[in-house]
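One structure is given here, and the rest of the page talks about it.
Derivation of every value follows stated rules applied to the coordinates shown; laboratory data play no part. Here the structure is a predicted model, which means the values were calculated and not measured. Quick reminder, even Gly has a Cβ in these numbers, built from the backbone with ideal geometry, and neighbours come from all protein chains shown.
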Amino acid sequence: MDLPQNVLVGRVAVVTGATRGLGLAMARLLGRHGATVVLAARSEADVAGAVDRLRVEGIEAYGRRCDIGEWSDVEALRDEALTYGTLDIWVNNAGVPGIYGPTASTPVDDFTRVVRTNILGTFHGSRVALPVFLGQGHGDLVNVYGRGDQGSVAWQNAYGSSKRWVRQFTETLRAETKGTGVRVHGLNPGLVMTDLLGKVTSQRGYEARLPGLQVVVGLWGQTPDVAARPLLGLVTSDRAEFRDLKRRTLLTRGVRNLLAGRVRRRNRMPLDITVVEAER
Ligand SMILES: NC(=O)c1ccc[n+]([C@@H]2O[C@H](COP(=O)([O-])OP(=O)(O)OC[C@H]3O[C@@H](n4cnc5c(N)ncnc54)[C@H](OP(=O)(O)O)[C@@H]3O)[C@@H](O)[C@H]2O)c1
């Protein structure tokens, strides 16, 4: 979509999980179109680094260390964003995968970690942004979906079911905010070549299934900058959601990536697998 470069001038946007991957690309996209962006993630050093990178590119960027699983951190993030003017866009992007393997032997702490970030974090972000948006009669809330948002995903139950929860939560918020001027969007970016896919932890005995993922990513993966693009269409329209994984899109991209040699062994996304013992 070709929108004017200044389409977001005067708007302040918060992006969680914005130090790398899709979140950084989304912050860059919003900033390049004129928004003031506020980046958040848990590593203070990474937040500072990402803010510097965007400023060098001419973007008005700020940042704050924030663990989205911590309510007080998320409140403080909203308060900081409001010091830059209004609060117009909030992207609940931060998300983590769980350890790959069966639910029956999933470490309890790991399941809790995924729920705390993907579910509780999305609730926290929505809970701080919506009162501001409702008070001013406008605002765009974007929740990031992922694999599992429309069906089961074996061996990735914590992640997949959390994304299905994000979808239902988002659809419910849309119903609750109807007619208020506030817009609630869902975005499923498809496969994006980021650490989330490239640095995987597996229960012992399941790691052998993962190299197949590299072929899938080689066929259908996108760079974060490309995957972020649909965000612009959402925050500048009433469109409820974007879903990358449409048959036609996948067919075209698959052929293009195949021709570009992205599926060949030496061109594949590097895969770093950590193996942990399953819990009985
Ligand atoms: N990659 C894909 O193929 C894909 C596909 C569909 C959907 N998605 C979704 O897209 C979103 C971004 O994924 P990605 O692939 O870009 O992942 P990524 O490269 O691993 O980046 C994750 C970002 O989230 C931050 N983060 C993690 N836990 C956090 C927490 N508790 N509080 C605040 N920040 C936190 C990380 O920084 P710190 O570690 O420093 O906190 C980092 O900035 C996720 O919601 C994911 O589910 C990804």
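Some notes on this structure:
- Dipole of the chain [Lys/Arg +1, Asp/Glu -1 at C-beta], most positive-end residue of V115, L24, P270: P270
- Distance between the pseudo-spin-label points of T83 and R127 (7 Å out from Cα toward the beta carbon): 2.4 nm.
- Between D2 and V153, the FRET efficiency estimated from the beta carbon spacing at R0 = 35 angstrom works out to 0.50.
- Length added when fully stretched, S72-T236, from 0.36 nm per residue minus Cα-Cα: 56.1 nm
- Neighbour counting of Cβ atoms within 10 Å sorts the residues V192, V142, fewest neighbours leading, into V192, V142.
- Relative contact order for the chain: 18 percent, from Cα pairs under 8 Å spaced at least 6 residues apart, divided by residue count.
- Annotation: extensible slack from D52 through D272 equals 76.4 nm (criterion: 0.36 nm per residue apart, minus Cα-Cα distance).
- Listed from fewest to most Cβ neighbours within 10 Å, the set T177, T16, T106 follows the order T177, T106, T16.
- Between the listed residues L250, A208, V182, the Cα displaced farthest toward the positive end of the dipole of the stretch 164-279, a dipole computed from Cβ unit charges relative to the Cα centre, is found at L250.
- Residues K246, K163, K199 arranged by fewest to most Cβ contacts within 10 Å: K246, K199, K163
- Extension gain, K199 back to R256 (0.36 nm per residue minus Cα-Cα distance, nm): 18.0 nm
- Shown here is the pair-distance distribution of the chain: with all Cα-Cα distances grouped in 10 Å bins from zero up to the longest one, the shares run 7, 29, 36, 22, 6, 0 percent.
- Relative to the Cα centre, the charge distribution of the chain, modelled as +1 at Lys and Arg Cβ and -1 at Asp and Glu Cβ, gives a dipole magnitude of about 1320 debye.
- Pairwise centroid distance, computed over Cα atoms, of the stretch 1-79 with the stretch 144-217, Å: 21 Å
- Charges were assigned to the Cβ only: +1 to each Lys and Arg, -1 to each Asp and Glu. The resulting dipole of the stretch 214-280 about its Cα centre is roughly 560 debye.
- Here the sum of -39500 (n - 2.57) over DSSP H runs of 4 or more residues, divided by the residues of the chain, equals -13000 deg cm²/dmol at 222 nm, to the nearest 500.
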